[in-house]
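These notes are about the structure you will find just below.
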Amino acid sequence: MSTAVRNAPAQFAPTASQIEMAYSVCRGIARTAAKNFYYGFVVLPRRKRNALSAVYAFMRRCDDIVDDTTLSTDDRHNKLAEWLDKVHRALAAQPTDDPVLLALADAQRAYQIPIGLLDQLAFGTAADLDGSQSEPASGAPLAARYQTFEELRQYCYGVASVVGLVCIRIFGYRDPAAEPLAERCGLAFQLTNIIRDVKEDVAMGRVYFPQEDLVQFGLTPADLAAPRVDVARISPLLALEADRARECYRAGEELVPLVSEDSQPALWVLITIYHRLLEKIASKRYDVFSERVRLTVPEKLTVLGKGILKRLL
C-alpha cells in the first residue's frame, strides 16, 4: 500500500441515528419557517420530504445570515463565505456536528444534487447585499435595483429558479425539458413574492421592480414608500408583474407530468398555493399595503387535501 493511500484521512460516516436526528431538525425548521412550501413537502414520500427539508434549512441559514441587520454588509459577506466553507467540508465527508450540514450532505449524495447549484443558492441570497440600502432611514433616496426586466429575471434565477432546479433533482425526472420549465416555475414564485412583499422590501431599502417598468407607469421608487401609498397608481405596475408570473405558472402545469409520479402531487400543491396567492392579491386590486396578503390555513389545507387525494388515486 502506498504512503499516500495509507495516510489518506478516513471519510466521516455519521450513524443512522445521527442522520435521522439531523433530518428531524431540518423538518422542524421547514415546518416553522416554510409557510407555503411545507404544505408541498407533506405530500412527498418521507425520504424526499427529508431531502427537501434539508435543502430548505440550508437556504434558511443563508437567508438568516444575509438578513442579519446587526452585522455590516462586509461582515455578512464574510459570514456567508464561512458558512459555505463549512458546507463544502461537509459535502466532502469531513466531520461536522451541525444537523443542517449532516442532512444536506446526505441529501446531496442521495439525489446527486450538483454542488454548483447549492453554491448558486447561497450566491443568490447574497445578491440582496449588493446594491441594497442597509439603512433605508438614513436619508438616502430609494432606487430601483434593476434597470430592465431581464436584469430582474437574472436575480430571480439565483434566488428562485435554482431552487426549482434543485427540487426537480429530488422529485426525479428524465426529460431534460423539465429544467427550463422548473426555472420558469421558480420565476413565477419569486414574482409572486415580490408583488406580495413590496411594503416589507421597501422598508429594507429594496425596490425590485425594474426602473423601465416604473417609468412606464409614471412612478418612482419613492411612490412605493409614501406614508399613504396611492394603490390605484401602483396597481397597474403590480398587474404587469402578475401577468408575467401567470405566464410562468403555465410552465408549472407542463412540469408536473415530467417529474416522478410520487412527486407530482407535491409539485401540484406548491404551484397551486402560490398561484392562488397571486390571484388573491389580484382580487384585492393589488392592495398589498394595507395588510399582508396570504392564504389562510383552511385555504392551504384545502389544496393540501386535494394533493393527498392525487397521491392516493
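The values are calculated or read from the model by the stated rules, or taken from the named source; none is laboratory data. Quick caveat: nothing in here was measured; it's all calculated off a predicted structure. For neighbour counting, all protein chains shown are included, and Cβ atoms are generated from backbone atoms with ideal geometry for every residue, glycine included. For accessibility, only protein heavy atoms count, side chains too; no ligands or nucleic acids. Shrake-Rupley method; radii C 1.70, N 1.55, O 1.52, S 1.80 Å.
How do the pairs read when you match residues in segment 299-313 that are more than 12 Å from Ser263 (Cα to Cα) with residues anywhere that are of a type in the set (Ser, Thr, Tyr) and open to solvent by less than 90 Å² (accessible area, probe 1.4 Å), using Cβ under 7 Å and keeping only pairs 6 or more apart or on different chains?
Between residues of segment 299-313 that are more than 12 Å from Ser263 (Cα to Cα) and residues that are of a type in the set (Ser, Thr, Tyr) and open to solvent by less than 90 Å² (accessible area, probe 1.4 Å), the close pairs are Lys300/Tyr39; Val303/Tyr39; Val303/Thr272; Leu304/Tyr39.
Which of the residues spanning segment 284-310 are surrounded by 15 or more Cβ atoms within 10 Å (Cβ to Cβ), within 30 Å of Pro227 (Cα to Cα) and not hydroxyl-bearing (Ser, Thr, Tyr)?
Within segment 284-310, Asp287, Val288, Phe289, Val293, Leu295 qualify.
Restricting to segment 54-100, give me the number of residues that are among the acidic types (Asp, Glu), open to solvent by less than 60 Å² (accessible area, probe 1.4 Å) and without any contact (Cβ under 8 Å) to a residue 60 or more places away in the chain.
Looking only at that region, the number is 2.
Looking at segment 221-241, which of the residues that are touching a residue at least 60 places away in the same chain (Cβ under 8 Å) and part of a loop (DSSP other than H, G, I, E, B) is nearest to the chain's Cα centre (by Cα)?
Residue satisfying both the conditions and the ranking: Ala225.
Can you say whether Ala144 is surrounded by fewer than 18 Cβ atoms within 10 Å (Cβ to Cβ), farther than 26 Å from Phe58 by Cβ and modelled with pLDDT of 90 or more, as far as the supplied structure shows?
no
Select from segment 170-212 the residues that are outside any helix (DSSP H, G or I) and over 17 Å from Leu224 (Cα atoms) and write down the one among them that is most open to solvent (accessible area, probe 1.4 Å).
If we take residues in segment 170-212 being outside any helix (DSSP H, G or I) and over 17 Å from Leu224 (Cα atoms), then Arg174 is most open to solvent (accessible area, probe 1.4 Å).
Can you tell me which of Ile234, Ile273 is closer than 13 Å to Ala188 by Cβ and out of contact with any strand residue (DSSP E or B) (no Cβ under 9 Å at 6 or more places or on another chain)?
Step by step, each of Ile234, Ile273 is checked, and only Ile273 is closer than 13 Å to Ala188 by Cβ and out of contact with any strand residue (DSSP E or B) (no Cβ under 9 Å at 6 or more places or on another chain).
Count, please, the residues in segment 268-287 that happen to be touching a residue at least 24 places away in the same chain (Cβ under 8 Å) and either touching a Leu at 6+ places or on another chain (Cβ under 7 Å) or at positive phi (or both).
Number satisfying all stated conditions: 6.
For Pro221, work out the one condition from (1) surrounded by fewer than 20 Cβ atoms within 10 Å (Cβ to Cβ); (2) under 29 Å from Val166 (Cβ atoms); (3) in contact with a strand residue (DSSP E or B) (Cβ under 6 Å, 6 or more places away or on another chain) it doesn't fulfil.
Evaluating Pro221 over (1) surrounded by fewer than 20 Cβ atoms within 10 Å (Cβ to Cβ); (2) under 29 Å from Val166 (Cβ atoms); (3) in contact with a strand residue (DSSP E or B) (Cβ under 6 Å, 6 or more places away or on another chain) leaves (2) as the failure.
Here is a check on your reading of the model: is Arg174 charged (D, E, K, R) and over 19 Å from the mean Cα position of the chain (by Cα)?
So Arg174 passes the test.
State yes or no: is Gly40 surrounded by 18 or more Cβ atoms within 10 Å (Cβ to Cβ), under 14 Å from the mean Cα position of the chain (by Cα), within 25 Å of Pro210 (Cα to Cα) and small (Gly, Ala, Ser)?
No: the conditions fail for Gly40.
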